[in-house]
Ligand SMILES: Cc1cc2nc3c(=O)[nH]c(=O)nc-3n(C[C@H](O)[C@H](O)[C@H](O)COP(=O)(O)O)c2cc1C
């Protein structure tokens, strides 16, 4: 049965060029949507098997003879491109150096990010994996300080309107209904954060989006894995760093948009049903760090 996404209800079409195909079987090996199989010494396509073609493109990418064309679900045969030379690919040390020298940046120079640079970030981020084969991730680009300020003003207005929900009286009532962890997060994070954001904003300081000159919001349809926006966001953060930009992921704007920002999703062209999302701010850092930091997972449970 075709795998439904926010955009697609039908399988993609798969065409095998029999003159080029050597029936090596690599396409069948990588195909987990499962329309491809070998029978009578040829590659066959049966879209009723498992999900049918989800347009992951793996068969086109693995075929050494260019014998497969996938069309549909946002994929065309033109989407196969040359693999970069091995020498051009980052190795472990260079990638780890990039990663360990990243910091969340909240102090930016008063300098906009040009469109070419923004497109490079988006281009790199769009290569990320996703849970559906063809991505359901939608992207809102707020290009320039004024656009980010407008979103911030809208989010802050929503937060101010709902500040009463974070008062001690409401907190005491919520405690009766909330799980311990939710209550703890609410009382130790949300209450302080909201109070701080509002106070700072009233004093002319933006502690929500930190006066950034660029913000990109990654969000997904309810069909997608809720983790889907975070992966291109992470790629974007690393890509931006290679271009001399700093960035910071912001989870709070998504909470405001979903719970307090009535009418805001419509204003910014975000489907109301899209709940999972992450805002990332970018800009040229206004400070340099002298050291990197080590980090640890909460726990590694290694079973051998
Ligand atoms: C999912 C996610 C949500 C975050 N939300 C916020 C936020 O709303 N505001 C903020 O200032 N930082 C936010 N951060 C940034 C973290 O606070 C930051 O990553 C953390 O302090 C570690 O610092 P580092 O990124 O420099 O290692 C978020 C990070 C992640 C991964």
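Taken together, the values in this text are just the output of simple stated rules run on the coordinates, not laboratory data. Because the structure is predicted, anything quoted here is derived from the model rather than measured. All Cβ positions, even for glycine, are placed from backbone atoms using ideal geometry, and neighbour counts span all protein chains on display.
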(request) Hey, for a label at residue 179 modelled as a point 7 Å past Cα toward Cβ, could you say which residues of the stretch 266-304 have their backbone N under 19 Å away? (result) 276-277, 298-299
(message) Between residue 203 and residue 116, what is the label-point separation in nm under the 7 Å Cα-to-beta-carbon projection?
(response) 4.1 nm
(message) To test your reading of the geometry: what angle, between 0 and 90 degrees and rounded to tens, separates the Cα axis of helix 145-161 from the longest principal axis of the chain?
(response) 60 degrees
(request) Round to the nearest 0.05 the FRET efficiency obtained for residue 189 and residue 127 when R0 = 25 Å and r is the Cβ-Cβ distance. (result) 0.15
(request) Could you quote the convex hull projected area for the stretch 78-117, Cα atoms only and averaged over all directions, in nm²? (result) 5.4 nm²
(message) Multiplying the sequence separation of residue 169 and residue 259 by 0.36 nm and subtracting their Cα-Cα distance, what value in nm do you get?
(response) 30.4 nm
(message) Using a Förster radius of 25 Å, what is the FRET efficiency between residue 34 and residue 95 based on their Cβ-Cβ separation? Nearest 0.05, please.
(response) 0.15
(request) Diagonalise the Cα gyration tensor of the stretch 1-75 and give the resulting equivalent ellipsoid semi-axes, square root of 5 times each eigenvalue, largest first, whole Å. (result) 21, 13, 9
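Using the Kirkwood formula on the Cα atoms of the stretch 75-162, what hydrodynamic radius do you get, in angstrom to one decimal?
17.3 Å
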(request) Arrange 76, 48, 152 by Cβ neighbour counts within 10 Å, fewest through most, would you? (result) 48, 76, 152
(request) Grab every C-alpha pair in the chain, bin the distances at 10 angstrom width from 0 up to the longest one, and report whole percents. (result) 5, 21, 26, 24, 15, 7, 2, 0
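So what is the diffusion coefficient of the stretch 105-213 in µm² per second by Stokes-Einstein at 20 °C and 1.002 mPa s, using a Kirkwood Rh over Cα pairs?
The estimated diffusion coefficient comes to 127 µm²/s.
Tell me what the chain gives for mean residue ellipticity at 222 nm when only DSSP H runs of n ≥ 4 count, each as -39,500 (n - 2.57), the sum divided by the residue total, rounded to 500 deg cm²/dmol. Each step should come with its number before you reach the end.
On the way: 11 runs with 100 residues, N = 304.
When only DSSP H runs of four or more count, the value is -9500 deg cm²/dmol.
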